[in-house]
Amino acid sequence: MHAEAAHPGPVVSIKGVGKTYKSGHTALKNIDLDIRRGEIFALLGPNGAGKTTLIGIVCGIVRPTSGTVTADGFDVLTDFRRAREAIGLVPQELSTDAFETVWSSVSFSRGLFGKPRSDAHIEKVLRGLSLWDKKDAKIMTLSGGMKRRVLIAKALAHEPRILFLDEPTAGVDVELRHDMWEMVRALRETGVTVILTTHYIEEAEDMADRIGVINKGELILVEDKATLMRKLGKKQLTLTLQAPLDAVPESLADLPLTLADDRQSLTYTFDTQAEETGIAALLRRLNEQGIDFKDLKSEESSLEDIFVSLVHGDRA
């Protein structure tokens, strides 16, 4: 019985979650994250960052060492069945029931979650994933792309409110990628929350409402995509100085200038969307201050750059 408005607040709430394995390897450190109902949330991070471990914990497959998680208002440890019913998971690896037909495998998934039979729902899911003409085919006869579609169909069979896609497009053809995104957008229209992990930056940029960046088991940033992209719509002008500076002069403190650690260069950040870059005024004011530079270069940041600087930045 799904009372959709029964649980106001976040659809997934992760508080203080850590995971250390017996080997001593710490996969996650003190993760706090609330996922809003009906959003597409991308968890971005390099391989081995802890993305799959975090999903495993929310889905009740991995037991956290510390912290609590609720899904659709239910604690994933103390109320596992109710929490898990709310979740659809599309795992990375193609583990499927090779000898089953597509129809029976997807129908069986629905039954696993105690949902009454609904041929109409299964048909809708299969049609939405371009699997309808393969409904009687044995899974082992399908291509890798089609098997991936079957995994998605199985995850959607029980009408979950939360869908996890773990690296959904790794090794997937362009057509399936396109179909998958169409489906994700359509699901969001129906109020399903979609959480995807990826190391493809374009995927997060294209699809997500919010982006979380995870690295070495730590969540290092959670931001609305629009905000992140605004930060990205920036260019940097780097001026290599003739003589090192001890600090940015007081008289230039109103400008978006940062002095490099080696004090040999100044970086001026400006918005590429703005009418005026302010570079002419900057150069005039530097001249007035008697600050000479010997080289000047400009670069535009992309989500890739931000990601790399976050992941390889000054974080020990």
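Since every read-out is calculated from the coordinates, none of them should be taken as a lab result. It should be emphasised that the depicted structure is a prediction, and the values quoted were computed from it without experimental measurement. No Cβ is skipped: glycine too gets one built from the backbone with ideal geometry, and neighbour counts run over all protein chains shown.
Report relative contact order for the chain in percent, whole number only (criteria: Cα-Cα under 8 Å, sequence separation at least 6). Provide the component values of the computation, followed by the final result.
Details: 552 pairs, mean separation 59.5, N = 316.
Relative contact order here is 19 percent.
When all alpha-carbon pairs of the stretch 120-242 are counted, what percent fall beyond 21 Å? Can you show the working numbers first?
Values: 3680 of 7503 pairs.
The answer is 49 percent, as a whole percent.
Whole angstrom only: what separates the Cα centroid of the stretch 206-220 from the Cα centroid of the stretch 235-253?
Cα centroid of the stretch 206-220 versus Cα centroid of the stretch 235-253: 32 Å apart.
With no solvent and one point on each alpha carbon, what is the Debye value of log10 I(q)/I(0) for the stretch 94-133 at q = 0.14 Å⁻¹?
Once normalised to I(0) and log-transformed, intensities are -0.30.
Helix-derived [θ] at 222 nm for the chain: sum -39500 (n - 2.57) over DSSP H runs of at least 4, divide by residue count, nearest 500? Walk me through the intermediate numbers first.
Working: 10 runs with 98 residues, N = 316.
Calculated mean residue ellipticity at 222 nm is -9000 deg cm²/dmol.
Which whole-number percent is the relative contact order of the stretch 234-300 (Cα, under 8 Å, 6+ apart)?
Values: 101 pairs, mean separation 33.1, N = 67.
That works out to 49 percent.
So what does the Cα-only Debye profile of the stretch 34-119 read at q = 0.19, 0.22 Å⁻¹, as log10 I(q)/I(0), no solvent term?
Log-scaled intensity ratios, in q order: -1.07, -1.24.
With Kirkwood radius over Cα pairs in Å as the read-out, I listed (i) 20.0; (ii) 24.3; (iii) 22.2; which label goes with the value calculated from this structure?
(iii)
Quote the Stokes-Einstein diffusion coefficient, in whole µm² s⁻¹, for the stretch 1-153, based on the Kirkwood radius over alpha carbon pairs, a temperature of 4 °C and a viscosity of 1.567 mPa s. Working shown, then result.
Numbers: Rh = 17.3 Å.
Estimated via Stokes-Einstein, D reaches 75 µm²/s.
Within the stretch 69-174, which chymotrypsin sites (Phe, Trp or Tyr not before Pro) sit in a loop by DSSP and count at most 12 neighbouring Cβ atoms inside 10 Å? Before the final figure, lay out each step's value.
On the way: sites: F74, F80, F99, W103, F108, F113, W132, F164; in loops: F99, F113.
Those satisfying the criteria are F99.
Please state, to two decimals, what the Cα-based radius of gyration of the stretch 234-300 comes to when divided by 2.2 N^0.38 Å (N = residues). Provide the component values of the computation, followed by the final result.
Details: Rg = 11.3 Å, N = 67, 2.2 N^0.38 = 10.9 Å.
Compared with the compact-globule rule of thumb, the stretch 234-300 sits at 1.04.
Under 10 Å, Cα contacts only: if you run a Gaussian network model on the chain, which one of S107, S13, S298 comes out with the highest mean-square fluctuation?
Evaluated over the chain, the most mobile residue of the options is S298.
Counting other Cβ atoms within 10 Å, keep those with at most 14, restrict to DSSP loop, and tell me which trypsin sites (Lys or Arg not before Pro) in the stretch 97-197 are left. Working shown, then result.
Details: sites: R110, R117, K124, R127, K134, K135, K138, K147, R148, R149, K154, R161, R177, R185, R188; in loops: R117, K135, R161.
Passing sites in the stretch 97-197 are R117.
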